[in-house]
Structures are given as structure tokens and as C-alpha cells.
Amino acid sequence: MALPKVYNWQLGREMDYRFANGPAKRQFAAVFNTNRCIACQTCTMACKSTWTFSPGQELMWWNNVETKPYGGYPAHWDVNILELQEKANPGGQVWDATKKDPKNAPYGTFAGKTIFETADGLTNMVTGYLPPEEDWKAPNIYEDTATAFSKTGVSLPEHAGWFFYLQRICNHCSYPACLAACPRNAIYKRAEDGIVLIDQSRCRGYRKCVEACPYKKSMYRPSTRTSEKCIACYPRVEGTDPLTKGLPMETRCMTACIGKIRLQGLVSVDANGQWFEDRQNPLYYLVQVAKVALPLYPQFGTQPNVYYIPPRWAPRDYLRQMFGPGVDDAIAAYTNPSRETLGVLQLFRATQKIIFSYKIQPGPKTGEINVAGKVRELFNDTVIGFDSNGNEIVRVTVDEPLIERPAQVTMNTI
Amino acid sequence: MRIPTVIRRRPITAGVALAVLLTAGVLQFVGVNPAASQSATLTAFESSTDPGTDPASPAWKKAPVLQAPLSFQGATYPTGGGSIPTVSAQALHFQDRLYIRLQWDDATKDDTTTKVENFSDAAAIEFPAVSAATVPSICMGQASSGVNIWQWRADSQAGLKDPADVYTNALVDMYPSKDAIFYTARAAGNPYADPNQGPTQTLVAQAFGTLAKANVQDVKGDGVYADGKWAVVFERQLTGGDVDQATFTNGKSTDMAFAVWNGSEGDRNGKKSVSQFLKLSLVGVSLTGEESSPAGWIAAAALLVGFVGLGVGLGWYGYRESKR
């Protein structure tokens, strides 16, 4: 059976997918800055206390933060998929970095096979596996476990002993594996925001989605015998939360982030999930212009929509396996950010409302800094964020304001 | 001693004709159409007692058994199954209700779906919907010709449990609420998530992937696992709850197919062991139980005499002809 061909811009090529493209208009997307995360799990608990606190959801964490390289929820999810793919296409899971195009193949071209292309299309639409119950029972296993203890200490660019935190939610993929795997078509992707949902009235608990999702973000609930997944807090994204009076709002896991590592929004996309040029959208800028944030395991082929600023101290071969061949450029762009990148990074967690566009007002030079052998000038620019109607919702400066407290106020202080 | 042929042939011819008439008459009387019985037919005789949903009911003792071969489902994604090679089917009707009993060998009783890797044993029967324009595709029907599916599930029969009731030593701080709304699929009306649904579901479909809850949930059932076998009884009134369901009429036959899922093999959805279309024929004669009706015995005796007469007559006729 010949499957429809769809274009996957993250892979720089066409690929097989069970369904032809639908009429997507906007896509839920986010940037996570792994460099800033302290694994406090506030995001995890914000999600848990909002959506998954009921009987049958005990092992269900739509949001989780795991310590790489050893941690994983469910255990070893990523290396298990990588191994299945390597077995299906031995030695062939490689990128051709020479075939690059700024819009259609920004990271080069993936020469290997996606999880859709290694499946037989009869027993499975997607190569995957069903993690057994015990794999879901220790969501924070290997927390803070480094690869080695270096007696001489560590230094950039690559630490001798290392770990980093990987924050994970459903990627609301442009080509969802869960959706392709559901024999009942009980999973759908919304045209208005690209959010992927499981219809709880139609799901019959076959767990083909749990088996297929390479990120393992479709989860089985025994108390209803159905599978559930991250719903991207769609009432907030729709703007139906009373707090923002009709304006689209970021999800619980995003807004709860005290490390200010997350920024979420909506981007305009065509039927391929390719982003329409929207130069002043902060997500468009970070992903398509600065290329400082990269998709997680793009080689799986689902075109995931959470983008990561890679940790700049981890070994590059590991990071290239995880985020693709764009890693070196992304780390360079983050280590010495341009004036605009530094400005856009200030928008992370500046407001709960979704920022649809930004403007930067240049400020005075405040100093010089030497990072990784490069001298860079610092400017106290002002960044202004606008909502879906073009109204200003936030204004922040690159220099954090310093507020001095009067000395006589001592009561109830620390 | 040689007997003049002319004299001897008449009574043989007459006897054969009589036997044919007798047999045809009885077949007509019991509602079996010889020309229509190309595929295997399961005859549902009238039961003199209520069989109920207990698979061990004595009403089943004399009901004819049809051994339906099952095979791997290879028509559509996800293909699979084939671990259950055969299912034994019986059918009865009593007053205005139809009863179908299925029995199959399964070494493991899989009736819990607490763990993500657990899948349930199950069985289903498929019939054309009353509204079907033609005989529907055996593969879940098609747009103009839907099917009515009766499914029994071992996990539904065992009951829907919260994990905390299964893992009694698990520590849970608290559940803010146990209201039905927080069991999302249950609140959405999903029959599989409804603790009051019982072991069976009444379903309808018009193509692959369209299986849905029927408007009327009127199939009852019960299953018993013993000695490495599942025995399951389905029960429903002869008249379907609406046009999307099947209706059964005394003296008529309908298409019917079986599916069995083996939970320990990971069977679910299309991964199942399936039969071809068979015939289910309802006859207004009782042949079962210890106290079958006299009419049934008379019909059976007449049928026997007719067949024996036919055989002997034809044999003798053939022998005579060969000697001429």
C-alpha cells in the first residue's frame, strides 16, 4: 500500500505518512532552554495538579523533567527507539549536512528512515514499542546522575563528567505517530492550533498510540481503559481562561516555570507544517532566524513542535544524536547571542499571555564581556511583547532592574 | 429367483419419490433451505426452557454445535491474531430472545487490564444491520450496509478497578475528587470506561475504524473460564433496538461471523482470530433439552425415515439399473 507523501522540513525531504496533509492554520510551539533548567519539577507539578490527579493517573506525567543521559520516563524511551530504528536500518540513520536550504532543509537532509518508513504498514504503521508498567514507575530515576566524576573539575566547551535536564511534554507533532497508529481514528489534530487530542468517547484502549509515540507521551489509564495525553492546556491556549479575558494564554507547565526556561506560543503554518514568515514572532525568530532552538530527535520524523536550546557543556555527538546536525550552530548562537537573541530571551516568562510579536528598542551600551574567546558588547535594550490583537502586554529590559530596599524594613524578611 | 423387472421397478420409483417428498417436506417444515446451505449453518432451535446467560445451563446439552474455523486477520491494519484456531458455536431461541454460546480453548485467562501491557480476552459476533442494503463486508461493513457487533470482554466482566484497589499497598496522598467527571472517558460516555456497562457491549460499524456504541445497549452476556476453555453466552431479544442492529426471524437465516481475541498474545482491535461468514438459521422446532416437544421428535423421526428411505431406495434403484 503506497502511503501519501508529505514534506518534513526538519528532515529536509519528503516522507511517507499515513494521511495526506490536513488544513493546518496555526501550530502550538514552544522553546525550552535546557541551559537554565534546575529540574525543580514545578512544571511537572503544575501539570499534575491541573490534569492528572485522579484514580488511574498515578503513573501519568504529561510533563516530566528527566536527567540525561541516563534518566528517562518511561525508562530509556529514547535509546529504545533509537535501537529499534538502527536495527531496521543498520548504519543508515545518518544526515547529509551538505544538502541544506534555509527554508526547506535548515539542518541538512536526513538520509535515514523515519519511524513511519521502517514500519511494515500491516501490523504497525509506526515502529515503536509498548513500555511495560514498570518502565513508568520511576519518572525521576537517575536524577542528577553524571557520566563521571572529574577530579580535576570540568570546563567548557565539553564537560568531562556531565548531565543535563530534558524537559518533556507532548510535542503536538505536525505528523503525529499516535494519530497515524490509531486504527479507530480516535486521535485528531486541530487545524486552529495544531493541538493533538485523543477523543475519550471513542478511544478503546488498544494502546497503538502508546506503542507508536516515539516520545512516549500517550499514556494508558487503567481506571477508564483508555489512553490519555497532554492536551496543551487547550482552554488556556483558546483564551477561555477568565484570567486573560479572552486572550490566548500559555499552558500551566510554561507559566509555572520559575527558571524562566520556557516560552510558548502559536505560529502560522502551511499544510506541511512549514512556518510562514513571521519575523517578529519570538518563536519564529528563535527557531527559523537565529536557529538557536532545535527539535527533539527530528530523525523520528514526526516533526515535533517543542524546540530546545541545547546544553552547551554536553558532548556534541550526544547532542547531535538528540537534536540533529544543527547543534553546533545553535550552541554558538547561544554562547554568544546576538543583540536581538539576547533581547528575545528576556521574553521567557515575562507574561502568562501568549506573545505574538515583539519589538526591540535599542538601549545604551552597558559593558563588554568575553565569552569563549569572543569579546561582546552588552546593551540595555528594551523588549516589548504584543498579544494576538497587537496590544502591548509586556515590557522588559536586558539588564534586570535593581531594586534597593530601605534599610529600616526588617520585619518578616530574610 | 428372477423377478420380472417391469413389476419390480414401480414400487422402488414410488418409494424414492415418497422419500424425497418426505425429506423436502420436513426440511421445509423446520425452515432449512437446502439450496441456501452452501456455507456452514448454525441452526437455532427453540429451547423449551430459558437458557439464560449461564454457559453451563442444561438447555445447551443437545443444541447442535458448529465448529467454526478461525484464522489470522490479514485484511487491514493492524493485522494479526490466529492463535485461536476454532470456536464452537451453539444457538437457541426461547420466547422472543436469541441465545448464542461460544466456546474456545485458551490456555490463559486474561481478564485484567490494569497494566499497560495487559490485554483482555474477548469474543464478538457480527451480523448485518436491519438497514443493510446488501450483505455487508465481513470487514466491519460498509457505508450503506452496516453491521451489528456484540462483544463480550473478560476484563469488563471482571470489573473496572482503580489501580489503588489492585495495588492495595500503594501509597496515595489523596484524590481531590472521585466524581465521574474526573474519569474522562467515562464522563464522555465511552462504554468501555463505564463500570455499569457489564461484560457485553452492543456496537455498530459501517467500515474499518467506525465501530461505535449502539444507541440501545441490549445485548447481555456472561462468560466462564474453566479447564483451559472460555464459554460465553450472548443474549438479546430477536428484534433489534434500531435499524443499525440485527433482527432475527423464525424460519429465516442471516449471515454471522465470529472473532476471538487472545489477551496474552496482545490481541486487540484488528489483531484477532476471525471466522468467515456463516449462516445462523432460526427454526421453530425444539430439538434440545431432556423434554423436547413431541412435534420435534416427530419431525426428526420423519426426517430420519425419509433419509433412510431415500438412501435405500436410490441404492436399490442403482443396483437394479446396473444389473439390467
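Every number in this text was worked out from the coordinates using simple rules, so none of it is lab data. Remember, it's a predicted structure, so these values are computed and weren't measured experimentally. Don't worry about glycine lacking a Cβ; one is built from the backbone with ideal geometry, like all the others, and counts go over all protein chains shown.
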B:ILE138 to B:GLN237: FRET efficiency via 1/(1 + (r/R0)^6), r the Cβ-Cβ distance, R0 25 Å, to the nearest 0.05? 0.55
Quantify how strongly other chains surround peptide B:188-201 by giving the mean number of their Cβ atoms within 10 Å of each of its Cβ atoms. 3
Enumerate by residue number the trypsin sites (Lys or Arg not before Pro) in region A:125-169 meeting two conditions: DSSP loop (anything except H, G, I, E, B), and at most 15 other Cβ atoms within 10 Å of the site's Cβ. A:LYS137, A:LYS151
How would A:MET219, A:MET60 line up from fewest to most surrounding beta-carbon atoms within 10 angstrom? A:MET60, A:MET219
Let me have the 222 nm mean residue ellipticity of chain A computed from DSSP H runs of 4+ only, each contributing -39500 (n - 2.57), with the sum over all residues rounded to the nearest 500. -4000 deg cm²/dmol
Exceeding the 20 Å Cα-Cα cut-off - candidates B:LYS109/B:LYS272; A:LYS208/B:LYS115; A:LYS87/A:LYS113; A:LYS113/A:LYS189: A:LYS113/A:LYS189
Need the C-alpha centroid separation for region B:197-241 versus region A:274-325, integer Å. 49
Identify the chymotrypsin sites (Phe, Trp or Tyr not before Pro) of region A:79-156 meeting these criteria: DSSP loop state and at most 10 other C-beta atoms within 10 Å of the C-beta. A:PHE149
Order by neighbour count: B:TYR99, A:TYR318, fewest other Cβ atoms within 10 Å first, most last. A:TYR318, B:TYR99
When DSSP beta bridges are limited to those with both residues in the protein assembly as shown, what percentage is antiparallel, rounded to the nearest 5? 90
Return the FRET efficiency for the residue pair A:VAL371, A:LEU402: r is the Cβ-Cβ distance, R0 is 30 Å, and the value is rounded to the nearest 0.05. 0.85
Which whole-angstrom value gives the distance between the alpha carbon centres of region A:92-136 and region A:1-45? 12
To the nearest 0.05, what FRET efficiency results for A:LYS260 and A:GLU143 with a Förster distance of 22 Å applied to their C-beta separation? 0.55
Counting only DSSP beta bridges with both residues in chain A, tell me the antiparallel percent, nearest 5. 90
Using the alpha-carbon centroid of each, what span in Å lies between region A:233-248 and region A:192-217? 23
In peptide B:159-171, what is the residue-averaged number of other protein chain Cβ atoms found within 10 Å of each Cβ? 3
How many partner chain Cβ atoms sit within 10 Å of a residue's Cβ in peptide A:56-62, on average, as a whole number? 4
Could you sort the peptides B:68-80, B:258-270 by per-residue average Cβ neighbour count (10 Å cutoff), highest mean leading? B:258-270, B:68-80
Would you calculate the volume per residue, in Å³, of the smallest convex hull containing every Cα atom of the protein assembly as shown? 230
